[in-house]
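Step one of this worksheet: look at the structure below.
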Amino acid sequence: MIDKIIGYTNDYLSYALIIVLILSGLYFTFRTKFAQFRLFGEQIRSVTEKPKDKKSVSSFQALMVSTASRVGTGNIIGVSTALCMGGFGSVFWMWIIAIIGASSAFIESTLAQIYKKKGKDGCYGGPAYYIEAATKKRWLAVIFSVILILTYGVGFNMLASYNLQSTFSGYDFYDINITPWIIGGITAALVAFCLFGGGKRIIKATSLIVPIMGLAYILIALFITVMNANALPSIFKRIFTEAFDFSAIFGGFTGSCLMYGIKRGLFSNEAGVGSAPNASSAAEVSHPAKQGLVQVLSVFIDTLLVCSATAFMCMSSGVEASAKNSGAQYVQQSLQKTLGDFGPIFITVAMVLFAFTTLIGNLFYVDKAFNHILKREPSKVFKTVYYIIASALILIGALLEANTLWNISDILMACMTLINMPIIIYLGKYAFKALDDYTKQRKAGKDPVFKAKDIDLPVETDYWN
């Protein structure tokens, strides 16, 4: 009964989510004059810029935090699920939601920079702060923070834990009654070790290893795709044929390629959800638009690069996608067919590293949400209780059913998006003005420097005065 209620709720919210995402994404795309394409060079320039204070968070570091949360299990298991449940046409709708969603990512991250706050250890901010500034209703900002905690600390982390343990299901030693407990327990223990301050070396190691693994993952996917290049014409034909098979889409909308492509694409790149701005606000930049452009790049890296790598690696392998082999199994079967026994081992190692950084990255967002609700850094007692609960949820997630976890995550993500999107539409004019100010200064050959008075901002900010 609970599963059915969660499923129905997810279906109805999905309709609203699609309408809001597409319409707002198109609105931002036209209002920014296609900034996600037009200013690609500026995106590269901004991400390589170093802050004046060496102790400050750089644009690249903020990008890595948001990318650590984005690039993870959603790029592997999420894409596999979309292909198996929605068909090859879902890839096309993933691309579309990333392309138009990148403009939403620009707006929300630019606003996070404009409204960011000063703290003891630098700057901080995010949707909760610009919601409060825009509406003067703290209760709405607190609701957003609570939903963020539930989304990332509960839904996404439990799902990441399940996805991680599911990658072991293809091995002979896997026992459905025992293995999830072991994998979930080890993962929860490692995360707890990091949360309680003993994991600096682990975090440092993974922050070094994950980009290398990410590059290796893309290269392996490219290698497999090239090996099976003769299948590419039929793959592209199938992608576009299924993507525009409207009789099939509207015949079973909630299970269609359009629905799976948009939901799994959003789960992966998080454009417009309101998560990445929490990381974006921590960057030390001379102009808010710089960090907005950096987050556009993050969306492209996540969906157009990593998600596409997974999709083509699987689609070109010759293994047929179906509901029976949905998730980790489909990816492992695809790699095994091309690379032999090395394939499943490689994907397991990749999933372990990606899932771990996703779990830590998600809890970074949760920390910031608690800071907003409490208006201060939580006490040691509070943190201890929260860390224990967060670790326990990771263990529980490994034991639950995939469909239930996907539905819970989708519902919570939709709630965040449906609060965040109307606010950034309302505040969008200040982001548009900031972008115009940035491009004007760049055309004059200057390194853009922002002042709040130049965009007629009606509220006092901690910065930009």
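Numbers below:
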read-out	value
Cα long-axis angle, helix 179-193 against the chain (0 to 90 degrees, to the nearest 10)	20
The chain: translational diffusion in µm²/s, Stokes-Einstein, Kirkwood Rh over Cα pairs, 37 °C, 0.692 mPa s	147
Cα-based reach from K375 at 20 Å (exclusive), listing lysines while leaving out same-chain residues under 8 positions away	K116, K117, K118, K120, K136, K137, K383
Length gained when the stretch R38-A323 is fully extended (0.36 nm per residue, less Cα-Cα span)	98.6 nm
Label-point separation, L215 to A444 (7 Å along Cα→Cβ), nm	3.9
Highest to lowest packing among 174-181, 420-427, 124-131, scored as the average C-beta count within 10 Å	124-131, 420-427, 174-181
Per residue, in Å², the accessible surface of the chain once ligands and nucleic acids are set aside, probe 1.4 Å	42
Dimensionless Rg ratio for region 388-428, taking C-alpha atoms and the 2.2 N^0.38 Å reference	1.63
FRET efficiency for M227 and S169, using Cβ-Cβ distance with R0 set to 25 Å, rounded to 0.05	0.45
Extension reserve of the L23-Y426 stretch, reckoned as 0.36 nm per residue once the Cα distance is removed	143.7 nm
Sequence-distant lysines (8 or more away, or on other chains) whose Cα lies within less than 23 Å of K237	K263, K337
Table column - 3J(HN,Hα) (Hz), region 78-88, Karplus curve with 6.51, -1.76, 1.60, x for Gly and Pro	x, 5, 4, 4, 4, 5, 6, 9, x, x, 5
Carbon plus sulfur fraction of accessible area for the chain, probe 1.4 Å, in percent	66
Cα→Cβ-extended label distance, 7 Å offset, between D436 and V459, nm	2.2
Principal-axis tilt of helix 257-269 within the chain, Cα atoms, nearest 10 degrees	60
Solvent-accessible area of V285 with every protein chain in place, 1.4 Å probe, in Å² to the nearest 10	10
Computed label-point distance, nm, for sites D245 and A392 using a 7 Å Cα→Cβ extension	4.6
Nearest-ten-degree value, helix 342-374 long axis tilted from longest Cα axis of the chain	30
Residues with amide H under 5 Å from that of G122, placed H, sequence gap 5 or more	none
Relative contact order for the chain, counting Cα pairs under 8 Å that sit 6 or more residues apart, in percent	36
Additional length obtainable on full extension of the chain from S379 to I178, 0.36 nm per residue less Cα span	68.7 nm
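The values are calculated or read from the model by the stated rules, or taken from the named source; none is laboratory data. Note that the coordinates shown come from a computational prediction; the quantities given were computed from them, not determined experimentally. Reconstructed Cβ throughout: ideal geometry from the backbone, glycine too, with neighbour counts over all protein chains shown. Surface accessibility is based on the protein's heavy atoms, side chains included, excluding ligands, DNA and RNA. Shrake-Rupley method; radii C 1.70, N 1.55, O 1.52, S 1.80 Å.
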